[in-house]
Amino acid sequence: MCNQSVGLIQRAIEEVGISTVSITLLEDITKKVKPPRALLVPYNLGYPLGEPNNPVLQHAIIAETLALFECDDEPPILKVSQQREEK
């Protein structure tokens, strides 16, 4: 799904009191749209959880994303993922 659309949908959902979080690949668009909570990952389009068949990496990204719900900062929150694929 489009990064811009997801961010706009997130904001609308948050307006009715439901917390949201997303994974984003495009920093410039995410900074303009300002979704409430987003994790910026360093991967190619179509691979928001990194390389296929790497469940350790994928679970770490999901955990890092869900941890944004516990962040004390005020939205919008954009964190850069600490996860990197091993080459």
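The values are calculated or read from the model by the stated rules, or taken from the named source; none is laboratory data. Just so it is clear, the structure is predicted and the values come from calculations on it, not from any experiment. For neighbour counting, all protein chains shown are included, and Cβ atoms are generated from backbone atoms with ideal geometry for every residue, glycine included.
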**Item:** Residue count, segment 10-28 (criterion: buried (at least 16 other Cβ atoms within 10 Å of the Cβ) and of a type in the set (V, I, T))
**Value:** 4
**Message:** Name the single residue that is farthest from the chain's Cα centre (by Cα) among those in segment 1-15 being more than 9 Å from P35 (Cβ to Cβ) and at pLDDT 85 or above.
**Reply:** E15
**Request:** Considering every residue within segment 51-65, establish whether at least one is within 13 Å of the chain's Cα centre (by Cα), loosely packed, with under 12 Cβ neighbours inside 10 Å and closer than 13 Å to V21 by Cβ.
**Result:** yes
